Amino acid sequence: MTITAGHAADASAEPTYPMPRGCPFDPPAELAQLRAEKPISRVRIWDGSSPWLVTRYDDVRSLLADRRVSSDAYRPGYPAQSPGILARRRNSTSFITMDDPEHARYRKMVISDFTVRRTESLRPLITKIVDDLLDEMERGPRPTDLVEAFALPLPSMVICQMLGVPYKDHDFFQMHSRAILDITMDPAETVRASDELRDYLTGLMAEKEAEPTDDILGRLAQRYVLTGELSRDDAVSMALLLLVAGHETTANMIGFGTLTLLQNPEQAAEVRDGDPAVVNRAVEELLRLLTVVHTGRRRVALDDIEIGGVTIRAGEGIIAATESANRDAAAFPAPDELDIHRESNHHLAFGFGVHQCLGQPLARLELQIAYPALLRRFPELRVAVPVDDIRYRDKMVVYGVQALPVSW
Ligand code: HEM
């Protein structure tokens with residue numbers, strides 16, 4: 001049977017999205033129910049609209065690869081994550097919310113900096129940063145917050161080095177990134193945070209236009225801004241995307257991933273042993289299980305799309321719930337369990353299709369170095385508070401722990 005829009009008919013019966021979590025380690029139980037009973041169904045979001053929520057692995061993957069869907073946040077029907085994010089996206093548009101050919105044109109300007117090969121050349125730098133942070137942690141007080149001491153500084157230092165952003169300004173950009181990613185933030189505040197970050201990056205780009213530097217922003221300035229191929233404003237939007245995406249996501253995978261490993265001590269012990277094949281699989285499994293970018297990929301249909309017995313009409317919003325797809329038993333046996341030996345782990349934690357994460361080789365490398373190094377340095381690492389006292393980032397686009405007090 002094909003169900004068509006029937007939009008506002010019984011809107012009150014539609015579940016609201018995102019739903020609150022029950023267990024902090026798992027996506028909301030309602031998603032599992034929808035996956036089983038009504039895998040493509042309408043949900044109600046903050047602005048009162050009713051986009052389609054897609055919850056099964058095969059459907060999510062096929063929609064994210066479908067050229068008949070758009071990521072353009074300006075299109076009517078686009079299901080924005082929050083009023084603040086909508087307002088900000090529209091005043092600072094970067095290629096994550098553009099369609100091809102524009103999307104491809106911008107992405108191409110930075111793609112060579114994020115290839116597997118280029119990223120691999122950063123291994124010594126990342127290892128050194130990890131070792132230095134762990135040295136400092138070892139010398140510091142116990143307990144300590146793992147997020148502040150390790151999870152957040154590591155990816156921040158790496159992306160700063162790559163972009164050519166001074167790490168000394170980390171308090172400023174981390175605070176502003178947090179404001180930008182908070183879905184409960186007043187829109188005026190989100191836009192203010194975004195504008196302040198833009199002003200800061202505009203100053204930096206101007207310096208790099210005047211004096212060449214051998215880093216991503218320096219190359220953007222010299223190769224594209226000064227040649228007129230890219231406006232300084234667009235370069236700033238790109239810099240903001242890379243800076244925010246480059247540290248918040250990986251930081252939360254390190255913090256939340258470490259907590260998950262500590263809850264599974266036998267698997268943590270295998271990661272500590274450091275066999276690269278085991279570590280690599282463990283990283284993929286944590287990415288799948290935790291899916292920290294957890295409030296669905298937002299799209300709008302450009303054409304009528306028949307999928308799973310439903311017709312999504314042109315102009316209707318789509319939320320491709322990767323956090324649900326990654327727990328679909330049809331794709332991953334025993335999906336709610338951590339199994340670091342899981343084979344053929346084609347998870348969607350980095351998205352899928354043309355917008356699939358640009359920084360995934362970098363995120364993988366950082367995680368592959370960080371988890372075993374941390375567990376080896378502190379074989380007795382443990383959570384220093386009752387696990388029930390841990391606070392989670394429920395209101396953030398990127399989920400994780402707010403803090404993780406640890407001792408050893
Ligand atoms: C574990 C860490 C990370 C996770 C889970 C993650 C997740 C994601 C996801 C789900 C998307 C897809 C967005 C969509 O389809 O709408 C994405 C896109 C993107 N990510 Fe990541 N990311 C991570 C790390 C990074 C890093 C380190 C960078 C480095 C700068 C980065 C840069 C980007 C960029 C630029 C895009 C936009 C790609 C495009 O639109 O073509 N990410 N990421």
request  = Please identify which residues in the range 241-276 have an amide N closer than 18 Å to a label point set 7 Å out from the Cα of residue 376, following the Cα→Cβ vector.
outcome  = 258, 267-276
remark   = Here the FRET efficiency for residue 199 versus residue 226, based on Cβ atoms and R0 = 25 Å and rounded to 0.05, is 0.75
remark   = Expressed in angstrom, Rg and Dmax over the Cα atoms of the range 350-390 are 15.5, 42
query = Roughly speaking, what is the centre-to-centre gap between the range 240-274 and the range 33-92 when only Cα atoms are used, to the nearest Å?
reply = 27 Å
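Would you kindly give the portion of the calculated P(r) for the range 1-154 that falls above 21 Å, as a percent of all Cα pairs? Let's see the in-between values first.
Values: 7900 of 11781 pairs.
Considering the range 1-154, 67 percent of its Cα-Cα pairs are separated by more than 21 Å.
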ask   = Taking 0.36 nm per intervening residue step and subtracting the Cα-Cα distance, what contour gain separates residue 168 from residue 402 on full extension?
value = 82.0 nm
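Which whole number in µm²/s is D for the range 277-336 by Stokes-Einstein, with the Kirkwood Rh taken over Cα pairs at 10 °C and 1.306 mPa s?
On the way: Rh = 13.4 Å.
Diffusion coefficient, whole number: 118 µm²/s.
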query = What's the extension gain from residue 161 to residue 192 if we count 0.36 nm per residue and subtract their Cα-Cα distance?
reply = 8.6 nm
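Can you tell me the order of 322-328, 239-245, 16-22 when each peptide is scored by its average per-residue count of other Cβ atoms within 10 angstrom, highest first? Let's see the in-between values first.
Details: 322-328: 25.9, 239-245: 22.9, 16-22: 15.7.
Ranking the peptides 322-328, 239-245, 16-22 by packing returns 322-328, 239-245, 16-22.
Suppose only helical runs count, i.e. DSSP H with n ≥ 4. What mean residue ellipticity at 222 nm does that imply for the chain under -39500 (n - 2.57) per run, divided by all residues and rounded to the nearest 500 deg cm²/dmol? Could you put the intermediate results ahead of the total?
Details: 15 runs with 186 residues, N = 408.
Value at 222 nm, helices only, nearest 500: -14500 deg cm²/dmol.
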Options 294, 249, 267, ranked by Cα towards positive dipole end of the range 179-308, top entry (Cβ charges) = 267
ask   = Spin-label point model (7 Å from Cα, Cβ direction): what's the residue 210 to residue 184 distance in nm?
value = 4.3 nm
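Please list the equivalent ellipsoid semi-axes of the range 262-380, computed as the square roots of five times the alpha-carbon gyration tensor eigenvalues, in descending order and whole angstrom.
Numbers: eigenvalues 228, 46, 22 Å².
With the √(5λ) rule applied to the range 262-380, the semi-axes are 34, 15, 11 Å.
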task = Kindly state, to the nearest 0.05, the FRET efficiency for residue 148 paired with residue 304, given R0 = 35 Å and r defined as their beta-carbon distance.
result = 0.10
Å² per residue, accessible surface of the range 37-184 at 1.4 Å = 46 Å²
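Note the count of lysine pairs whose C-alpha atoms are less than 28 angstrom apart in the chain, limited to pairs 8 or more residues apart or on different chains.
Eligible lysine pairs with Cα atoms under 28 Å apart amount to 6.
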query = To two decimal places, what compactness ratio does the range 22-70 give when its Cα radius of gyration is scaled by 2.2 N^0.38 Å?
reply = 1.28
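Over the range 159-259, with every protein chain in place, what whole percent of the accessible area is carbon and sulfur at 1.4 Å, could you tell me? Please list the in-between numbers first.
Details: 2000 of 3910 Å².
The nonpolar share, carbon plus sulfur, comes to 51 percent.
Need one word for the range 84-127: rounded, prolate or oblate. Basis is the Cα gyration tensor (sqrt eigenvalues a ≥ b ≥ c); a/c below 1.5 gives rounded, then a/b vs b/c decides.
Values: a/c = 4.85, a/b = 1.88, b/c = 2.58.
Taking the square roots of the gyration eigenvalues as a ≥ b ≥ c, the range 84-127 is oblate.
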key: Centre separation in Å (Cα based) which lies between the range 354-382 and the range 120-152   = 12 Å
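Suppose R0 equals 25 Å. What FRET efficiency, 1/(1 + (r/R0)^6) with r the Cβ-Cβ distance, do residue 273 and residue 337 give to the nearest 0.05?
0.75
Tally Lys and Arg at +1 and Asp and Glu at -1 over the other residues with C-beta under 14 Å from the C-beta of residue 380: what net charge comes out?
Numbers: positive: 142, 272, 376, 377, 382; negative: 138.
Around residue 380, the surrounding residues sum to +4.
So, counting K/R as plus one and D/E as minus one, what does the shell of residues with Cβ under 14 Å around residue 176 add up to?
On the way: positive: 88, 178, 192, 198; negative: 169, 171, 182, 189, 195, 196, 199, 248.
Around residue 176, the surrounding residues sum to -4.
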task = Compute the semi-axes of the equivalent ellipsoid of the chain, taking the square root of 5 times each eigenvalue of the Cα gyration tensor, and list them largest first in whole Å.
result = 32, 29, 19
message = Normalised by the empirical 2.2 N^0.38 Å for globular proteins, what value does the Cα Rg of the range 180-330 take?
response = 1.41
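Per residue, what accessible area does the range 230-346 have, given a 1.4 Å probe and all protein chains present, in Å²?
Values: 3820 Å² over 117 residues.
So the range 230-346 comes to 33 Å² accessible per residue, rounded to a whole number.
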ask   = Once the piece of chain linking residue 58 and residue 125 is laid out straight, how much longer is it, given 0.36 nm per residue of separation minus the C-alpha distance between them?
value = 20.3 nm
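When only C-alpha pairs under 8 Å and at least 6 residues apart count, what is the relative contact order of the chain, in percent? Before the final figure, lay out the partial values.
Working: 655 pairs, mean separation 105.1, N = 408.
26 percent.
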query = Which residues in the range 346-360 place their backbone N less than 15 Å from a point set 7 Å from the Cα of residue 100 along the Cα-to-Cβ direction?
reply = 352-357
task = Have a look at 240, 157, 95 and report the one farthest towards the positive end of the charge dipole of the chain, computed about the Cα centre with Cβ charges (Lys/Arg +1, Asp/Glu -1).
result = 95
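The values are calculated or read from the model by the stated rules, or taken from the named source; none is laboratory data. No experiment lies behind these values; they were computed from the predicted model shown. Cβ atoms come from the backbone with ideal geometry, glycine included; neighbour counts cover every protein chain shown. Side chains are part of the model used for accessible areas, which takes the heavy atoms of the whole protein and leaves out ligands, DNA and RNA. Shrake-Rupley method; radii C 1.70, N 1.55, O 1.52, S 1.80 Å.
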